[in-house]
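Encoded as structure tokens, the structure appears first; notes follow it.
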Amino acid sequence: MWRIESARVIAGVARIVRDIGVAEELAQDALVAALEQWPVAGVPDNPGAWLTATAKHRAIDLVRRKEVFARKLRELGHTLEEDGAYEPDFAAAEAAADGDIEDDLLRLVFTACHPVLSTEARVALTLRLLGGLTTPEIARAFLVPEATVAQRIVRAKRTLAKADVPFEQPHGPERVERLSSVLEVIYLVFNEGYSATAGDDWMRPALCEDALRLARVLAGLMPKEPEAHGLAALLEIQASRSAARTGPDGQPVLLADQDRRRWDQLLIRRGFAALARAEAAGGPPGPYTLQAAIAACHAHALHSRDTDWRRIAELYAALARRTPTPVVELNRAVAVTMAYGPREGLALVDRLIDEPALRGYHLLPSVRGDLLERLGRHAEAREEFLRAASLTRNERERALLVERAARASLAAKGR
């Protein structure tokens, strides 16, 4: 129940105290009260409303106790007085909050992903406040020490307080900038779950689930933002492949080799629907909508040989114009290879060899090795696969690359 309701409770309290750190502490106080009272009195009919009302009551007490908040208390006036009873009508409290709760959640999203914070801090704070994850859970997910995550969260709260970041929804150009930050955080969380950067596991499904839930919430909170629907569509379709991405022993299964009967059709349909909403908004498609369209091309194909690679190459070209990054160019080279042949793809990849942003990026030699192998240049492919294996920090991926290098070596010897 806490995992489900914590973000709403914190958001509602933050609107009163205007401090994310204090709001989280008060929400946790309400959780402690529930752990003490529910085993005796029973679980209330609406646990979420109970937690929210209890946390708001404690927030109001805190405001009253501190003289520095006296002016804010007078401004809030009658609204706070209505929440002041220690045993309120929880159903009424929930009904009264209905008009504000979505706005409160959106304020919390934009605050947790404020540009004043580093990317690592935004990710940690978002998973803590909106995902309901504990510090140890976040640490395990990203394979970093608990102390590191705890410091990031504490520093993030201090930074927000020191910068006097308002607990509100931004407007105009700032809204666009902040929305980009929010989408990026959710995207990063999903990607870390979908292809783990380091460790023994190829995937971390729990992170994918958390990111997908956040994407759905954001799309619901911002129904007129096409990129919110575009991101939701992308994650729904990507998540649909999860069961087919690993073999019985946990080894990676590449897209072309996946059993598409294991793809989750419900998630695919949800992804198609979200993509339709994004495209119906009009205007040029954003990067997440374009990526969702690419994922949809794969989902439409019943077998890898049925994939419309020319359409995917066109979409990657559009994405490269919209977001001209080396990683997008590398992905475009793969699509061009599948559509027009490995020689054309290799020409694009070779342009990226000296790209500083891809120095140390294991997928560059991995893709190049694949293209060289397709061209029959097995000895060169072996070297690229070994180089990629030396760069990755994921043990499952390293084993796959070493295996491909061994096969290329055998092919080079004519076996």
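The values are calculated or read from the model by the stated rules, or taken from the named source; none is laboratory data. Note that the coordinates shown come from a computational prediction; the quantities given were computed from them, not determined experimentally. As a convention, Cβ positions derive from the backbone with ideal geometry for all residues, glycine included, and neighbour counts pool all protein chains shown.
Looking at (1) on the phi > 0 side of the Ramachandran plot; (2) over 29 Å from the mean Cα position of the chain (by Cα), can you tell me which one GLU384 breaks?
Going through (1) on the phi > 0 side of the Ramachandran plot; (2) over 29 Å from the mean Cα position of the chain (by Cα) one by one, GLU384 breaks only (1).
Name the single residue, out of those in segment 307-329 being of a type in the set (Val, Ile, Thr) and in a helix (DSSP H, G or I), that is modelled with the highest pLDDT. Full working, then the answer.
First pass over segment 307-329, keeping only residues of a type in the set (Val, Ile, Thr): 307, 312, 323, 325, 327-328.
Right, trim to in a helix (DSSP H, G or I) and you get 312, 327-328.
Details: ILE312: 97, VAL327: 91, VAL328: 94.
This residue is ILE312.
Only one residue in ARG269, ARG241, ARG262, ARG277 is modelled with pLDDT of 90 or more, more than 21 Å from the chain's Cα centre (by Cα) and not polar (S, T, N, Q), so which one is that? Steps first, answer last, please.
Details: ARG269 fails: more than 21 Å from the chain's Cα centre (by Cα); ARG241 fails: more than 21 Å from the chain's Cα centre (by Cα); ARG277 fails: more than 21 Å from the chain's Cα centre (by Cα).
Being modelled with pLDDT of 90 or more, more than 21 Å from the chain's Cα centre (by Cα) and not polar (S, T, N, Q) holds for just one of ARG269, ARG241, ARG262, ARG277, which is ARG262.
Within segment 340-359, can you find the residues that are part of a helix (DSSP H, G or I) and in contact with a helix residue (DSSP H, G or I) (Cβ under 7 Å, 6 or more places away or on another chain)? Outline the logic, then answer.
If we filter segment 340-359 for residues that are part of a helix (DSSP H, G or I), which is where we start, we get 340, 342-350, 356-358.
PRO342, GLU344, GLY345, LEU346, LEU348, VAL349, ALA357, LEU358, listed by residue number.
Anything in segment 128-151 that is in a helix (DSSP H, G or I) and within 18 Å of the chain's Cα centre (by Cα)? List them, or say none.
Those that are in a helix (DSSP H, G or I) and within 18 Å of the chain's Cα centre (by Cα): ARG128, LEU129, THR135, GLU137, ILE138, ALA139, ARG140, ALA141, PHE142, VAL149.
Which ones in segment 220-253 are of a type in the set (A, V, I, L, M, F, W, C), in a loop (DSSP other than H, G, I, E, B) and in contact (Cβ under 8 Å) with a residue 40 or more places away in the chain? Steps first, please.
Residues of segment 220-253 of a type in the set (A, V, I, L, M, F, W, C): 221-222, 228, 231-235, 237, 239, 243-244, 253.
Within this subset, residues satisfying the condition of being in a loop (DSSP other than H, G, I, E, B) are 222, 253.
Correct list: MET222 only.
Among what's in segment 227-274 and is farther than 16 Å from HIS300 by Cβ and of a type in the set (Asp, Glu), pick the residue that is surrounded by the fewest Cβ atoms within 10 Å (Cβ to Cβ).
The extreme case among them is ASP249.
If we scan segment 187-206, do we find a residue that is surrounded by 17 or more Cβ atoms within 10 Å (Cβ to Cβ), at pLDDT 85 or above and closer than 30 Å to PRO252 by Cβ?
Yes.
Going through segment 150-184 one residue at a time, which ones are modelled with pLDDT under 85 and either closer than 17 Å to LEU133 by Cα or basic (Lys, Arg) (or both)?
Within segment 150-184, ARG175, ARG178 qualify.
Given the criteria within 21 Å of GLU397 (Cα to Cα), under 31 Å from the mean Cα position of the chain (by Cα) and buried (at least 20 other Cβ atoms within 10 Å of the Cβ), does ARG368 qualify? Reasoning before the result, please.
Values: within 21 Å of GLU397 (Cα to Cα): yes; under 31 Å from the mean Cα position of the chain (by Cα): yes; buried (at least 20 other Cβ atoms within 10 Å of the Cβ): yes.
Criteria met by ARG368.
Which condition breaks for GLY341 when tested against (1) on the phi > 0 side of the Ramachandran plot; (2) under 27 Å from the mean Cα position of the chain (by Cα)?
Among (1) on the phi > 0 side of the Ramachandran plot; (2) under 27 Å from the mean Cα position of the chain (by Cα), the lone unmet condition for GLY341 is (2).
Quick one: in segment 278-330, of everything that is among the hydroxyl-bearing types (Ser, Thr, Tyr) and surrounded by fewer than 21 Cβ atoms within 10 Å (Cβ to Cβ), which residue is nearest to ARG261 (Cα to Cα)?
Within segment 278-330, the subset among the hydroxyl-bearing types (Ser, Thr, Tyr) is 288-289, 304, 307, 316, 323, 325.
Cutting the leftovers down to surrounded by fewer than 21 Cβ atoms within 10 Å (Cβ to Cβ) gives us 304, 307, 323, 325.
Working: SER304: 12, THR307: 15, THR323: 33, THR325: 33 Å.
Among them, the one singled out is SER304.
Looking only at segment 323-338, which residues are over 13 Å from LEU290 (Cβ atoms) and of a type in the set (A, V, I, L, M)?
Those that are over 13 Å from LEU290 (Cβ atoms) and of a type in the set (A, V, I, L, M): VAL327, LEU330, ALA333, VAL334, VAL336, MET338.
Mind listing whichever residues of segment 14-48 are in a helix (DSSP H, G or I), without any contact (Cβ under 8 Å) to a residue 60 or more places away in the chain and of a type in the set (Asp, Glu)?
GLU25, ASP29, GLU36
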